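Each reported figure results from applying straightforward, stated rules to the coordinates on display, with no laboratory input. Since the structure is predicted, the reported quantities are computational estimates derived from the model, not experimental observations. Cβ: placed from backbone, ideal geometry, glycine included. Neighbour counts: every protein chain shown.
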Amino acid sequence: MGKIDVLNGNKAAAWGAKLARVSLLAAYPITPQTPLVEYLATFVAEGEIDADLVEVESEHTALSVLQGGVFAGARTFTGTSSQGLALMYEPYIRTSTMRLPIVMALVTREVISPQTVWGGQQDAVTVREAGWIQIWCESNQEVLDTVVQAYKIAENKGVLLPVNVCYDGFSLSHMAERVEIPEQEKVDSFLPKPDITHVKLDPDKPMSVDPLTAGPMLTEFRHKQVTAMKYAKEVIEEVRQEWSQLFGRDHGGMVDVYRMEDADIAIVCMGSPAGTARVAIDEMRELGIKVGMVRIRVLRPFPVEEMQALLSGVKAIGTIDRNVSFAAGYGTSYLELRTAFGGKRMPPMIDFIGGLGGSDVTLEQIKQAIVITQYVANGGEYRDVTWFGLDEVDVDQLFDLEDQADQEVKEGIV
Amino acid sequence: MSAKVPDKLYRLTGDDVASVGKGLYVVNTGLWRYQRPVTDPDLCKRCSACYMYCPVGCKLELNTHYDTNLDWCKGCGICAEVCPANAITMYEEVGEE
Amino acid sequence: MESNNNNYSTRPKGAKATLVKDDSFFTKKRFGFIFREEKKIKEAYYDVTRHEDLLSPGNSACLGCHAELALRTTLRILGPNTILAIPPGCMGGIGVVGFQGGSGTKIPVFFPLLDNTAAMLAGIKRQYQREGRDVNVVAFAGDGGTADAGFQSLSGAAERGENIIYICYDNEAYMNTGVQRSGTTPKWSWTQTTPVGEKSQGKSQKGKDMPMIMAAHNIPYVATANPSFLPDYIDKLKKAMQVKNGMSYIHLYSGCPTGWKFPTEKTIEVGKLAVETNLYPLWECVEGKFRMTYEVKKRTPIEEYTRSMQKYAHLTDEEIRSLQYSVDQNYKRLKDLCRIT
Amino acid sequence: MKQIRFHGRGGQGAVMASELLCHALVHEGNYGQSIPAYGFERRGAPLEAFVKLDSKPIRERTQVYEPDGIIVLDSALIVQLPIFNGVKANGFAILNSRKKMTLDDVPENVETLATIDAVRIALEVFKAPITNTILLGAFAQATKLVSLQSLSECIEINFPKKIVEKNLVAVARGFNEVQVVTRSGQLQKAEG
C-alpha cells in the first residue's frame, strides 16, 4: 500500500515523473500547467528528484532540450498547455518522427482566440495527427499512474513513440483529491532504466541523426511509425494488466468501460466529463434507462476495434465533446467514431458539445444527453449536434408523459 | 516485451526506426572540376598554405611538395591564389588523361 | 598526414592555364600576408593535422566555400570527442549531416531545427555532464539559424550558462535557399529579397551586430574570427574549448562566392580584405574584457572591399563614403571598448 | 455528498483552507475534493473555493452550484456579496464576524449559523489577520463533518514547520470560541 495524499492533477503528474526517475526536465510555465513546473522545481530543489531542471525561455526550447537529452540517453519529462503547445509544435512533430520516448503532461485548455486561460480540450485534439500517443485521464490518481505507465509504453522497443498524458485544465489540474502514491521500489520493479539507442549521439559510436531523407526511405520510416502506433495498442493493454497486478488499480486500456454489459445506449466521452457521466448514468439507471459509458482513454492510436465491438450492438450513441472539429462541425470523438466504423453499419449517433472555455459539463447536461440519446434509440429524431448553452434543450417535448416511468425520468433530469 | 516484427519488408531502412546515418556519405566532387591545380615541385616551398586553405581538404603532403587529390578537388582555384611561391597553376580540364 | 596517392595532378595534354595574372582587380594576386604569417600557418598546420579530416571528403559545397573550409578546420581542432549540430542552412544543405542513410561526418552529427540548435545542444550537454563525460558539444550554424530564427533559443541558452560552443558562420544572407536577406545582411547589400532597382539600393537597414549582442549576454567567451586568418581562428577555437563555466560563442566571417558574386578563387582574399579594411575586426571578449587579436597597421579603404564583389556593384561614391564613416565609427567604438574593459 | 463553498480574498488562504479540509477528510478515511475557482484572482480580490466530501469516491468533476453550506473568511464579504446564493435548505454558514449575528440576519435556508470574531483571534495568534484555520476550527465545531484532531494532524503534516504551532493554536481557538445557533432554537455553547 502506497502513501495516501491529497494531490491536484499537476502535483500528481509531478509525482509520476519523480517516481519514473526522470533525469532531465525542462518546462515553461503556462496556465493551467504552471503549478506543475513549480512542483518539479521544488522536487529538484529539495533533492527529491535527481535530475537537471532546465529553466527554459519557451516551450519550443523546453521540448528541444528534452530531445537533446534523449539523444544522450536521458529519461525526460515536460508539460504544457494551449498556446505553449502551439509554440512547441515544430519540435513536437519531430519528437514522434525521431521516435523519441518523451513523456509530456498536456494540461488541456482552450486555444485563443478569444483570449482565454480556461479549460477545454481544443489544444490536444488539434495535434492528434502529430504522431504522439495521447492518453486521457479522468482522475488525479489516473494522472499519476499514467505518467509512470507512459514511460513503459513509450520506451518499448516496438513502440518508441512520445506520449501525451492529457488531463483537463482546472477540472483536474487544480482540483485536489485523494491519491495513492505508489512505493518507489515497486515502481522501480515495474519500470526499468531507459535504454534508448536507436538515435544516440555518442562520440564512441558516431552516427548522424536525421540526415536528408528522400521519398522511398521516408515512406518506409512513415510506415514504421504507423506500425509502431498500431503496436502501441497491444503494449498499452499489457501495461494495464501489469499495473493492475502490481498496484491493484485499473484505469482501463485503450478504453474505459462503465456499465456497458447490458446497456441499450452508450455515452462516449473523454477526460474529466467521464467522471460526471458515471454519476449521471447511475442516476438515470435508477430511473430505468439502461445506459453505459465508453470513455476514450487513448485518442491516438484510436481504439477502432474496441469501439466496434462495444458499440455495434447498442441502439444509440451520444458523444460528449469539450472540443470541436472543423471537418463537419461535430466534436472530435463523434468524428473519430464515425471513422472507426468506417462506413460499416453503426447505431444512430448524436453529439453534444459543451464545457468549452472552462464551463462545466454539468450533471444536468449529461442527464439531458442520456435522455435525448434514449429518445433517438427509440426511433426519435433529434438534431445531430447539440451545443450546450447555445441550443435550447427542451426535454419536455421528448415525452408524451402518459407513462409514469416517463414522468419519473423527466423529473430525474432536473 | 519485445520489438514487433514489421509486417513489411524494409529494403532501404532495415532495422532503423528513425532516419540515421551510418557510414560516410561522399559526393563525387572530382566531377565538378573545370580547372585543375598543378603544383610545380621545384617552386613549392612546402609552406602548407594550400593545404590549410583548401576548402575541400584535398591537398596531399608529399616528400617533395603538396599535391592535389583529384578525386575530390572541385577546382575552385584558392590554392593557386594563396600560394606565396606561385607554384600552383590552374589548367583547364580538357577531358582527357 | 595522408599517404601518397597515385592520382597526382598533372597538366592535361594541351590544356591552357586558366587564371592568368594581370593587373585587373579580379585576377591580381595579393597575398603578402601569407608571407608574413608563414610561421604561424605552419604551426597551425601541425595543430590541424593532429586529427584526421572528420568531414566527408566530398560534399556539395559551392566552389570556394569559406564555410566548408572553416568547418573542416573546426572539426580537426575539436577532434573526434565532439557532437556537432548543423541546423538547416548551407552546411546542412551540402550534406554535412548526411543523405539517405549516410553521414557527412565521422563524428556524431545531427540536424536540429532552424530555431532550436542551442536548446538541443543544452539537453545533450546536460545529460553527458550528469554522466560525468566531457564531450565537446558544438553548433555550426548560419546567420539565419543564429541571429534570426535561432536567436531566442541561443539567447536563452547563453543566459542559462549552457556549456556549449556555438559557432555562427555568417555569410550575410540565407544562402542555402538562394540568397535572401537575413538579420545580419549589411546595409546596401544586394540579395534576392533586397534587389537593386529604381527605388532600391539593396538592403536599406544595417545588419545586427551579433557578436556584440552575445558579448552583452556576459558569457565567458565571445570572439570574431575569419577563416582567411586560420591561425587566429584556431587559437580562439582552442580557447573556446577550455571554457567550462558557460557558453563560448564564435562569430565567423564567411565569404560566399555564389551569393556575393566574386570569383571562387578569391574567397580567402575577400575575407582578408574584410579584416584589412576594419570592416570585420578580429577581437575576443574574455570574461567581459575586450581585446583586438589582429592589429591592422594601416587600414585599406572600404572601396577595395566593395569593389571586390558584385553585391555592392551598385554603390555610389556617396554611399561608399557613408559606409567608410560607419566602418570607422564601429572600429573606434571597438577600440574604446578594448581600452575601457 | 456534502458540498461546501469558501468565500475569501486573494491572499487570505481560502484555497489553502479548502485543501487542508480535504486533507483532513482523507485523513479520516473519507473522500474529498478541493476545487479552487479558476480565474485571475489577485491579492485582495474576492474569490471562491469549493470542497466536496463523501464516504465513497467522488466521481463528479464539476464546480459547486448548490452548497450545503458556506465558510466566509472575510467579514466584509458578508455584505458585499450575495454569499448565500444557492445554499441548500438546512444549510450552514460559518462566518467570520466581529458583530454578533443572529438567525434573523441570514436567509431561512440557513439552519446552522456559526459566528466567530476570527480577526481578533488571528491578531492575537499570528499578529496578522490570517483567518483560514480559525474558520476551519469553527466549521469542525459547528458541523461535526471533520474532527479537530484530523485538522490538527494535517496541519502538522502539510504546513511548513515554522507556522505549524501557531496554526494549531488558531484551529483550536476557532473550535472552542465559535458561537453556534440553530433554527431549532437552541443556542449551542462551545463545548470547550
Review point. What is the diffusion coefficient of the protein assembly as shown in µm²/s, taking the Kirkwood radius over Cα pairs and the Stokes-Einstein relation at 4 °C with a viscosity of 1.567 mPa s?
Key: 39 µm²/s
Review point. What is the helix-to-structure angle for A:404-413, meaning the angle in degrees between its Cα long axis and the longest Cα principal axis of chain A, kept from 0 to 90 and rounded to the nearest 10?
Key: 40 degrees
Point to revise | Average partner coverage of A:53-59, which counts Cβ from other chains inside 10 Å | key: 5
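Sort the following peptides by mean Cβ neighbour count (other Cβ atoms within 10 Å, averaged over residues), highest first: C:64-71, A:323-330, C:94-101, A:203-210.
Going by the mean number of other Cβ atoms within 10 Å, highest first, we get C:64-71, C:94-101, A:203-210, A:323-330.
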Check your understanding: Given the protein assembly as shown, what percent of its DSSP beta bridges are antiparallel, to the nearest 5?
Key -> 45 percent
Study note, to complete from the structure: Across A:194-207, the residue-averaged tally of Cβ atoms belonging to other chains within 10 Å stands at 5
Review point. Once you average over the residues of B:57-67, how many Cβ atoms of partner chains fall within 10 Å of each Cβ?
Key: 5
Study note, to complete from the structure: Which residues qualify? For C:Met309, with a placed amide H closer than 5 Å and at least 5 residues away or on another chain, they are none
Exercise for review: Apply the Karplus parameterisation 6.51 cos²θ - 1.76 cosθ + 1.60, with θ equal to phi minus 60°, to every residue of the stretch A:222-237 and state each ³J(HN,Hα) to the nearest whole Hz, in sequence, with x for glycine and proline.
Suggested key: 5, 5, 4, 4, 5, 4, 4, 4, 5, 5, 4, 4, 5, 5, 4, 5
Study note, to complete from the structure: If each part is reduced to its alpha-carbon centroid, the stretch A:1-77 and the stretch C:237-263 end up apart, in Å, by 35 Å
Check your understanding: Where Rh denotes the Kirkwood radius from the mean inverse Cα pair distance, what is Rg over Rh for the stretch C:148-242?
Key -> 1.04
**Study point:** Under 14 Å, Cα to Cα: Lys pairs in the stretch A:3-247, sequence gap 8 or more or different chains
**Key:** 10
Review point. Mind listing the phi-derived Karplus ³J(HN,Hα) values for the stretch C:50-63, rounded to whole Hz, using 6.51, -1.76 and 1.60 with θ = phi - 60°, and x for any glycine or proline?
Key: 4, 10, 5, 5, 8, 8, 3, x, x, 9, 8, 5, 4, 4
**Study point:** Cα centroid separation, the stretch A:369-414 to the stretch B:22-85 (Å)
**Key:** 85 Å
Check your understanding: At what distance in angstrom do the alpha carbon centres of the stretch C:296-341 and the stretch C:49-114 lie from each other?
Key -> 32 Å
Exercise for review: Could you tell me which of rounded, prolate or oblate describes the stretch A:214-337, using a ≥ b ≥ c as the square roots of the eigenvalues of the alpha-carbon gyration tensor, with rounded for a/c under 1.5 and, failing that, prolate when a/b is larger than b/c and oblate otherwise?
Suggested key: oblate
Point to revise | Segments B:14-23, C:275-284 sorted - mean Cβ within 10 Å per residue, highest first | key: C:275-284, B:14-23
**Study point:** Value at 222 nm in deg cm²/dmol, rounded to 500, when DSSP H runs of n ≥ 4 in the protein assembly as shown each add -39,500 (n - 2.57)
**Key:** -10500 deg cm²/dmol
Check your understanding: What are the residues whose amide H is under 5 Å from the amide H of C:Tyr249, where those residues sit 5 or more places off or on another chain and H is modelled from the backbone?
Key -> C:Tyr166, C:Tyr221, C:Val222, C:Ala223
Exercise for review: Rank-order C:111-123, C:295-307, D:144-156, D:12-24 by packing density, defined as the average count of other C-beta atoms within 10 Å over each peptide's residues, highest first.
Suggested key: C:111-123, D:12-24, D:144-156, C:295-307
Review point. Against the longest alpha carbon principal axis of chain A, how many degrees, from 0 to 90 and to the nearest 10, is the axis of helix A:82-97 turned?
Key: 60 degrees
Check your understanding: When the Cα atoms of the stretch A:21-118 are enclosed in a convex hull and the volume is divided per residue, what value in Å³ results?
Key -> 85 Å³
Exercise for review: Report, in degrees rounded to the nearest 10, the 0 to 90 angle that the Cα long axis of helix A:9-19 makes with the longest principal axis of chain A.
Suggested key: 40 degrees
